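Participant: The structure follows.
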Amino acid sequence: MRTHYCTDLDEKSVGEEVTLAGWVNSYRDHGGVIFIDLRDKSGLIQLVCDPADNEKAHKVASEIRDEFVLIAKGKVRKRGEGLENPRLKTGKIEVVVDDLKIENRSEPMPFTLGDPNVGEDIRLKYRYLDLRQKEMFETFKLRSKAAIAARNLLDSLGFLEVETPILTKSTPEGARDYLVPSRVHNGEFYALPQSPQLFKQLLMVSGFDRYFQIAKCFRDEDLRADRQPEFTQIDVEMSFCDQEDVMRVAEELLKAIFNACGREIEIPFSRITYKESMEKYGNDRPDLRFGLEMVDVIDLFENCDSPIFAEIAQYKKLNRIKALKVPGGDKAFSRKIIKELESFVAKFGAKGLAYIQVKEEGLKGPILKFLSDDAIETMKSRLDLQVGDIVFFGAGDRKTVWDYMGRLRTEVA
RNA sequence: GCGGUGGUAGUUCAGUUGGUUAGAAUACCGCCCUGUCACGGCGGGGGUCGCGAGUUCGAGUCUCGUCCACCGCGCCA
């Protein structure tokens with residue numbers, strides 16, 4: 001029935017009789033000629049219904065509204081001079097319709113496709129409409145490609161794909177289990193797996209050696225913008241291996257997945273120790289797309305005139321005083337923004353947020369008066385301060401300082 | 001569980017200090033329009049202002065309660 005997808009056609013198709021099927025993306029009724037942008041999974045093409053060409057098709061076309069489902073038979077024609085649409089992949093051609101069938105009519109749309117401001121609740125309510133959008137289809141396609149690439153790569157490395165049960169016994173980890181009542185065992189419940197670890201030992205001791213699964217995981221915890229209660233995890237397990245083996249498999253896997261999605265990445269990845277990551281970035285999954293490394297300055301406060309800072313500087317193992325220089329930050333951050341950053345870090349246990357501004361006329365900030373001239377000079381060179389910079393300071397026990405300074409780092413980035 | 005923000009037309013939003021008949025864009029309906037591609041022109045319909053109380057001569061607007069949504073914290077590897 002259908003002979004082509006919309007974007008299969010191009011200038012080479014001119015003159016061909018084709019049958020297309022799809023949805024009305026938009027229509028323009030000029031009273032005489034009617035234009036229809038027809039959409040299928042491949043993209044758009046313009047249909048033309050001119051009463052001079054075919055009166056019957058034009059009459060059908062005059063009833064058309066957005067999102068009607070059509071089957072259109074017609075001939076591919078090159079568009080005239082100046083009538084081309086460079087924004088369309090098929091913009092140099094159009095299809096002159098000589099037989100138009102309305103397969104299905106559509107109610108008016110409850111929301112505008114492609115409008116990025118439409119709330120997610122309404123999009124989910126009309127999921128079948130939402131999924132018509134190209135971006136939605138591309139997302140599914142990307143996911144499919146990633147999953148297939150992961151399977152192929154792991155298969156090539158000798159991993160066996162397994163599936164483990166969903167209805168299982170609760171294995172108390174950190175997260176709450178989702179529970180499913182059992183009909184057979186009255187009053188008892190199955191738990192849905194938080195992750196598929198439960199069956200690891202069973203397979204490993206049985207000598208399966210290497211296996212993986214692309215597994216659904218369930219955690220009955222509150223959501224975040226980037227966190228769902230139900231998600232998919234690639235679980236890879238291997239026997240008789242060391243850290244290096246595990247990292248190599250992970251790198252190969254990520255390379256294969258990114259490659260399948262059209263991105264080249266370099267392996268091996270750069271590696272830093274846990275300690276270095278915590279000291280410079282304040283967490284164990286640092287965002288390395290920007291610098292903004294925190295710098296240790298605890299030694300400079302050792303004999304300073306502030307009892308609070310001096311006290312903290314006494315215990316170098318447990319405490320930290322970290323400086324975070326934001327180049328050009330003095331100009332970029334208004335008083336108000338700095339206030340907001342202060343209350344931002346306060347949420348994570350910061351007692352305050354000291355800072356030093358680097359002005360034309362010199363350094364400015366309330367903590368300068370506590371520091372010796374020597375310490376200030378050392379600070380200048382250690383942080384390589386330039387006019388226009390701002391430096392934030394976090395002081396206290398190391399876990400707290402790492403946490404809020406690390407969060408501050410990504411917040412200001 | 002806690003905090004912040006929001007809820008007004010199908011959708012996205014505006015609505016002044018509490019004051020006449022609650023607006024715009026888009027969508028929808030009707031008429032007109034033969035080269036548009038976000039087509040255009042004219043006209044029209046469409047509202048439990050989340051819900052419930054309260055203050056007031058008068059509430060979309062103020063107060064309290066409640067429900068829902070989003071964002072964050074707690075929680076969550």
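The values are calculated or read from the model by the stated rules, or taken from the named source; none is laboratory data. Just so we're clear, the structure is a prediction, and the values are computed from it rather than from any experiment. Counting neighbours? That spans all protein chains shown, and the Cβs are built from the backbone with ideal geometry, glycine included.
Participant: Would you be able to say whether some residue in segment A:133-154 is surrounded by 15 or more Cβ atoms within 10 Å (Cβ to Cβ), within 14 Å of RNA strand B (Cβ to nearest atom) and charged (D, E, K, R)?
Facilitator: Within segment A:133-154, not a single residue is surrounded by 15 or more Cβ atoms within 10 Å (Cβ to Cβ), within 14 Å of RNA strand B (Cβ to nearest atom) and charged (D, E, K, R).
Participant: Moving on. Working carefully through the options A:ARG127, A:ARG105, A:ARG123, find the one that is of a type in the set (D, E, K, R) and surrounded by 13 or more Cβ atoms within 10 Å (Cβ to Cβ). Even if it seems obvious, please write down each step before you answer.
Facilitator: Working: A:ARG127 fails: surrounded by 13 or more Cβ atoms within 10 Å (Cβ to Cβ); A:ARG105 fails: surrounded by 13 or more Cβ atoms within 10 Å (Cβ to Cβ).
Testing whether each residue is of a type in the set (D, E, K, R) and surrounded by 13 or more Cβ atoms within 10 Å (Cβ to Cβ) leaves just A:ARG123.
Participant: Looking at the structure I just gave you, is A:VAL48 near RNA strand B (Cβ under 10 Å from one of its atoms), assigned by TED's automatic domain parsing to the domain that holds A:THR19, over 37 Å from the mean Cα position of the chain (by Cα) and crowded, with 17+ Cβ neighbours inside 10 Å?
Facilitator: yes
Participant: Among strands (runs of 3 or more DSSP E) lying entirely in segment A:307-413, which contain 2 or more residues that are among the hydrophobic types (A, V, I, L, M, F, W, C) and either surrounded by 13 or more Cβ atoms within 10 Å (Cβ to Cβ) or out of contact with any helix residue (DSSP H, G or I) (no Cβ under 8 Å at 6 or more places or on another chain) (or both)? Before the answer, list the steps.
Facilitator: Details: elements: A:319-326, A:354-359, A:362-364, A:390-397.
Per the criteria, A:319-326, A:354-359, A:390-397.
Here is a yes/no grid of residues against (1) surrounded by 17 or more Cβ atoms within 10 Å (Cβ to Cβ); (2) farther than 17 Å from A:TRP23 by Cα; (3) charged (D, E, K, R); (4) touching a strand residue (DSSP E or B) at 6+ places or on another chain (Cβ under 9 Å):
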position: A:GLU55; (1), (2), (3), (4): no, yes, yes, no
position: A:VAL60; (1), (2), (3), (4): yes, no, no, yes
position: A:ARG65; (1), (2), (3), (4): no, no, yes, yes
position: A:LYS78; (1), (2), (3), (4): no, yes, yes, yes
position: A:GLY82; (1), (2), (3), (4): no, yes, no, no
position: A:GLY91; (1), (2), (3), (4): no, yes, no, yes
position: A:LEU100; (1), (2), (3), (4): yes, no, no, yes
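So that you can scan it fast, the table gives a plain yes or no per residue for (1) of a type in the set (Gly, Ala, Ser); (2) under 12 Å from A:ILE34 (Cβ atoms); (3) not assigned by TED's automatic domain parsing to the domain that holds A:GLU17:
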residue	(1), (2), (3)
A:ASN54	no, yes, no
A:ILE64	no, yes, no
A:PHE68	no, no, no
A:GLY74	yes, no, no
A:LYS78	no, no, no
A:GLU84	no, no, no
A:LYS89	no, no, no
A:ASP98	no, no, no
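Participant: Being surrounded by fewer than 18 Cβ atoms within 10 Å (Cβ to Cβ) and within 17 Å of A:THR7 (Cβ to Cβ) is the filter; apply it to segment A:24-41 and report the residue that is nearest to RNA strand B (Cβ to nearest atom).
Facilitator: A:SER26
Participant: Of the residues in segment A:191-231, how many are within 16 Å of A:VAL180 (Cβ to Cβ) and either under 27 Å from the mean Cα position of the chain (by Cα) or surrounded by 18 or more Cβ atoms within 10 Å (Cβ to Cβ) (or both)?
Facilitator: 11
Participant: Where the second residue is among the polar types (S, T, N, Q) and the first is farther than 13 Å from A:ASP296 by Cα and lies in segment A:367-381, which pairs have Cβ atoms under 6 Å and are six or more apart or on separate chains?
Facilitator: A:PHE370/A:SER306
Participant: Next question, about the same structure. Among the residues of segment A:98-129, which ones are within 13 Å of RNA strand B (Cβ to nearest atom) and either under 24 Å from A:ARG2 (Cβ atoms) or of a type in the set (A, V, I, L, M, F, W, C) (or both)?
Facilitator: A:ARG105, A:SER106, A:MET109, A:PHE111, A:LEU113, A:VAL118, A:ILE122, A:LEU124, A:LEU129
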